[in-house]
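Novice: Handing you a structure now.
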Amino acid sequence: MRGAIYIAIIVLITGFPNLLSAQMDIMDPPPSEMEGRRGRIEERIENFKIWKLTDYLDLSSEQSQEFFPLYNDYTEAHKDLNDKRRDLFKKINQAVELDDYPEENLKEMLEQVDRVEQDLVKHREKFQDKLTDVLTTRQIAKFTIFEHRFRNEIHEMIQKAREREHRGRPFKQRH
């Protein structure tokens, strides 16, 4: 059964090497094309992550069946909260550029950011509590380490891809 899970995961991620070698011209494509490309890349990364996570945690098929629905719910809600926080930061950034933006409104937005960040922590704690019913303490510790390492590795890969893409070009400012 475990072999079948690995094969299914490998089939899902066969396009992952293309992620690393793809030339992404971030200056020319229209926004809708960029969003589609970004979505495909995020999907490949997530599929690769699931494959590596299954292997690293040495999940049994029973554990996989219980763990991944919890994990998927957690990551979806976590993404939603991060999107909300990102939107708030964009609004704050725009507001501070306006000299006459009311201080009370800025304060309210900052409080909203604090609430979202508290929600992120609470959400993580609830997820870890649920994990105790599915994983051993050692697996939970390995999961925590895996999440940290994987996030750092992906960040480094993105940075390297951006550096390769922008060699010889001036950087375009984001707004």
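The values are calculated or read from the model by the stated rules, or taken from the named source; none is laboratory data. Note that the structure is predicted; figures quoted are calculated from it, not measured. Here Cβ is always computed from backbone atoms with ideal geometry, including for glycine, and neighbour counts include all displayed protein chains.
Novice: Among the residues in region 48-68, are any assigned to a helix (DSSP H, G or I), in contact with a Ser or Thr (Cβ under 8 Å, 6 or more places away or on another chain) and surrounded by 13 or more Cβ atoms within 10 Å (Cβ to Cβ)?
Specialist: Yes; the residues of region 48-68 include at least one that is assigned to a helix (DSSP H, G or I), in contact with a Ser or Thr (Cβ under 8 Å, 6 or more places away or on another chain) and surrounded by 13 or more Cβ atoms within 10 Å (Cβ to Cβ).
Novice: Does ARG138 satisfy the condition of being over 29 Å from GLY39 (Cα atoms), among the basic types (Lys, Arg) and at pLDDT 95 or above?
Specialist: yes
Novice: I'd like to check something: does region 112-120 contain any residue that is under 22 Å from GLU42 (Cα atoms) and either exposed (fewer than 11 other Cβ atoms within 10 Å of the Cβ) or in contact (Cβ under 8 Å) with a residue 60 or more places away in the chain (or both)?
Specialist: no
Novice: Please determine whether any residue of region 123-140 is farther than 17 Å from PHE67 by Cα, loosely packed, with under 12 Cβ neighbours inside 10 Å, free of Cβ contacts under 8 Å to residues at least 40 places away in the same chain and not assigned by TED's automatic domain parsing to the domain that holds TRP51.
Specialist: Scanning region 123-140, I find no residue that is farther than 17 Å from PHE67 by Cα, loosely packed, with under 12 Cβ neighbours inside 10 Å, free of Cβ contacts under 8 Å to residues at least 40 places away in the same chain and not assigned by TED's automatic domain parsing to the domain that holds TRP51, so the answer is no.
Novice: Modelled with pLDDT of 95 or more and either of a type outside the set (Asp, Glu) or outside the structural domain of PRO69 (by TED's automatic domain parsing) (or both), is that true of GLN94?
Specialist: When the stated conditions are applied, GLN94 does not pass them.
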